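Chemist: Take this structure first; my questions come after.
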Amino acid sequence: MKALFYSFFLACVLPFGLFAAADSHGEITHTIEADLEHVEESLTEEAGKLQAIAGKFGVTWPTLIAQMVNFCLVAFALYKFAVKPIAATLDDRQQKIADGLQYAEEMKTQLAEAERERAEKAKQAAIDAQKILAEAREQSKEMIDVKTQEAASQAEAIIRKASEATELERQKMLSDVRQEVARLVVATSSKVLSRDLSDAEKSTFSESAAKELASAGN
Amino acid sequence: MKRDKKITQFAKKLVELSKDNGVVTEARVGEVLAGLKKSAHRNPLAVLKSFLVFLRREVALQTAVVSTPGALSEAALKAIAANYTAVYGRPVTAVTKIDASLIAGVRVRVGDDVYDASVAGRLKRLAENVH
């Protein structure tokens, strides 16, 4: 912005410089005229040419002064009401842009930091997940082992109980068979004895049993 | 409940009064019943029922029921009565009861006690011992 302003200012001041250069050139010519006598005529001719050119282009001192005053006023007005607000606006915008760039840079830094933290957290999370997964696998393996052992023990218990139940059933069956055989033997013996024993034999046995009971308590 | 307890105690006393030298006799029972009739108890029916229960129990304790399939000699009955009199320490009389299911031998019952020397009983014990 400043470079633009200086370019504009130089462009505005350049005519004045040229005019001043032309004026100084006239003064030098007069000084050289005093020192160099032999070129006085040529200088006079050149001065006449310059005056002719100035007259031909209508350059006069009052007009030139008025134009200079006008230019200064215009330049001052432009500087005061156009260039200065524009420069201020441009400076403001430049400051905003700089702030924005700085903010963007900070955001970029923060974003990079956040990205780095996210990556670290993701890495840590992955490590934790792996750890948890390993623990879960280990626990599941232990649980499977325990459950397997429990299932095996339960199966053994079931088999043992089944064997015991079978054995008990077998014993009960044998006992039932024995009791049934005994009952049949007793029933048969009773019928046979009732039929085959004579009254005398029964009486003899009863007397003997009575004597047995009569002497039992003594 | 309190009345029942009193009636029970009264019936037991009546049973004790029915004994003559430790033996329940018919004569003493008649005297007790006559006395009870004169006393006009408030609840004579309950007293009589309790007296009957305890009297039957006492008679059962003093009687040896000898079950046998056939006739038994008088000497055997006396021997049994003498034996259980000595065993229980009270007078016990023996009565016979015909039971053909015993096949042979005797079975004696004194109160709640049973002494079995019959063929049927021995066969039954034999069957029970077979397992």
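Chemist: Being of a type in the set (Lys, Arg) and surrounded by 12 or more Cβ atoms within 10 Å (Cβ to Cβ) is the filter here, so list the residues in region A:186-202 that pass it. Give the derivation first.
Modeler: Pass one, region A:186-202, residues of a type in the set (Lys, Arg): A:191, A:195, A:202.
Residue satisfying the conditions is A:202 alone.
Chemist: Would you check which residues across region A:188-217 are within 18 Å of residue B:71 (Cα to Cα) and polar (S, T, N, Q) and list them?
Modeler: The answer is A:194, A:198, A:203, A:204, A:206, A:208.
Chemist: For region B:92-116, give me the residue count where each residue is small (Gly, Ala, Ser), farther than 18 Å from residue A:198 by Cα and open to solvent by less than 20 Å² (accessible area, probe 1.4 Å). So that I can check it myself, show each step before the final result.
Modeler: Here is the first cut: in region B:92-116, the residues small (Gly, Ala, Ser) are B:94, B:100-101, B:104-105, B:111.
If we keep only those that are farther than 18 Å from residue A:198 by Cα too, we end up with B:94, B:111.
Among the residues that remain, those that are also open to solvent by less than 20 Å² (accessible area, probe 1.4 Å) are: B:111.
Total satisfying the criteria: 1.
Chemist: Pairs under 6 Å by beta carbon, first residue within 28 Å of residue B:127 (Cβ to Cβ) in region A:148-177, partner open to solvent by 70 Å² or more (accessible area, probe 1.4 Å), six or more apart or different chains?
Modeler: As it stands, the answer is A:175/B:131, since those pairs meet every condition given.
Chemist: Looking at residue B:64, is it more than 8 Å from chain A (Cβ to nearest Cβ), open to solvent by 60 Å² or more (accessible area, probe 1.4 Å) and under 14 Å from residue A:210 (Cα atoms)? I'd like the intermediate steps shown before the answer.
Modeler: Numbers: more than 8 Å from chain A (Cβ to nearest Cβ): yes; open to solvent by 60 Å² or more (accessible area, probe 1.4 Å): no; under 14 Å from residue A:210 (Cα atoms): yes.
No, not satisfied.
Chemist: Give the residue that is farthest from the other protein chains (Cβ to nearest Cβ), with candidates limited to residues of region B:73-91 that are more than 16 Å from residue A:216 (Cβ to Cβ) and either touching a residue at least 24 places away in the same chain (Cβ under 8 Å) or crowded, with 20+ Cβ neighbours inside 10 Å (or both).
Modeler: Top of the filtered list is B:91.
Chemist: Now, a different point. What tally of residues in region A:104-145 results from selecting those that are open to solvent by 100 Å² or more (accessible area, probe 1.4 Å) and of a type in the set (Gly, Ala, Ser)?
Modeler: Residues meeting the conditions: 0.
Chemist: Can I ask one more? Does residue B:47 fit the bill of being closer than 29 Å to residue B:33 by Cα and either in contact with a His (Cβ under 6 Å, 6 or more places away or on another chain) or facing chain A (nearest Cβ under 8 Å) (or both)? Spell out the reasoning first.
Modeler: Details: closer than 29 Å to residue B:33 by Cα: yes; either in contact with a His (Cβ under 6 Å, 6 or more places away or on another chain) or facing chain A (nearest Cβ under 8 Å) (or both): yes.
Spelling it out, residue B:47 is indeed closer than 29 Å to residue B:33 by Cα and either in contact with a His (Cβ under 6 Å, 6 or more places away or on another chain) or facing chain A (nearest Cβ under 8 Å) (or both).
The values are calculated or read from the model by the stated rules, or taken from the named source; none is laboratory data. Quantities reported herein were computed from a predicted structural model and do not represent experimental measurements. Don't worry about glycine lacking a Cβ; one is built from the backbone with ideal geometry, like all the others, and counts go over all protein chains shown. Protein only, heavy atoms only, side chains kept; ligands, DNA and RNA dropped before computing areas. Shrake-Rupley method; radii C 1.70, N 1.55, O 1.52, S 1.80 Å.
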